[in-house]
Amino acid sequence: MQAPGENKFPTHEAMEAADRLHSAAIHLLRRLRIRDRETGVGPAQLSALSVLVFGGPKSLAQLAEAEQVKAPTMSRIVAGLLRAKLAHRRTDKQDRRAVVIQATEKGIRIMQEGRRRRVEALAAAVRGLPQKEIAQLREAAQVMEHLSRQV
């Protein structure tokens, strides 16, 4: 939302900024995902586990929606999480007929360790930047957090 009286970027400038941000974010995440291999968990399972660890227990339908996949695909992903003991099923407390998927302690630990590895790798790169650029990154992160709530 734009505050009254605030200047708006011309459309071509907003498109250029959005394109560069999109490209930079994808490249950065791809480079950091290399650290995820150390978990021994595949990308689809790791992504679903992340939703459960950081978003809390979900039904299969909620998990499929969050991951933008169809229910049969999510069923296969969840089956792998269950086999690896990274998640378990439990009865929903509000609706005893419903089942929710929840991360196990092992799943939580693997996800937290993976996140720590990615953040440490990124911090090592950031550490090499001049202080001014580190401050700019902090400000950019705030802007990105704000954008993520609007998109």
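The values are calculated or read from the model by the stated rules, or taken from the named source; none is laboratory data. Here the structure is a predicted model, which means the values were calculated and not measured. Every residue, glycine as well, gets a Cβ built from its backbone with ideal geometry; the counts of neighbours run over all protein chains shown. For the accessible areas, the whole protein counts, side chains as well, though only heavy atoms, and no ligand, DNA or RNA atoms are used. Shrake-Rupley method; radii C 1.70, N 1.55, O 1.52, S 1.80 Å.
Among [x] 1.23; [y] 1.33; [z] 1.29, which is the computed Cα Rg over 2.2 N^0.38 Å? Step by step, Cα Rg over 2.2 N^0.38 Å for this structure corresponds to label [z]. Nearest 10 degrees is fine. How inclined is helix 105-127 to the longest principal axis of the chain, computing both from alpha carbons? Roughly 20 degrees between the two axes. Against the main long axis of the alpha-carbon atoms of the chain, helix 43-55 sits at an angle near 90°. The distance separating the Cα centre of region 64-126 from that of region 24-63 comes to 8 Å.
What FRET efficiency comes out for the pair ASP95/LYS70, r = Cβ-Cβ distance, R0 = 25 Å, nearest 0.05? Once the sixth-power term is evaluated, E becomes 0.65.
For region 77-151, what does the alpha-carbon gyration tensor say about shape, rounded, prolate or oblate, given a ≥ b ≥ c as the root eigenvalues, a/c under 1.5 as rounded, and a/b over b/c as prolate? It is oblate, given that a/c is not under 1.5 and a/b is not larger than b/c.
Accessible surface ranking for MET15, MET144, MET111, 1.4 angstrom probe, highest first: MET15, MET144, MET111.
Taking 17 Å as the straight-line reach from the Cα of LYS70, the lysines in range (excluding those fewer than 8 positions away in the same chain) are LYS58. Between ILE26 and GLN62, the modelled label-to-label distance comes to 3.1 nm, taking each label 7 Å out from Cα in the direction of the beta carbon.
If you take all other residues with their beta carbon under 14 Å from the beta carbon of ARG35, and give Lys and Arg +1 and Asp and Glu -1, the sum is +4.
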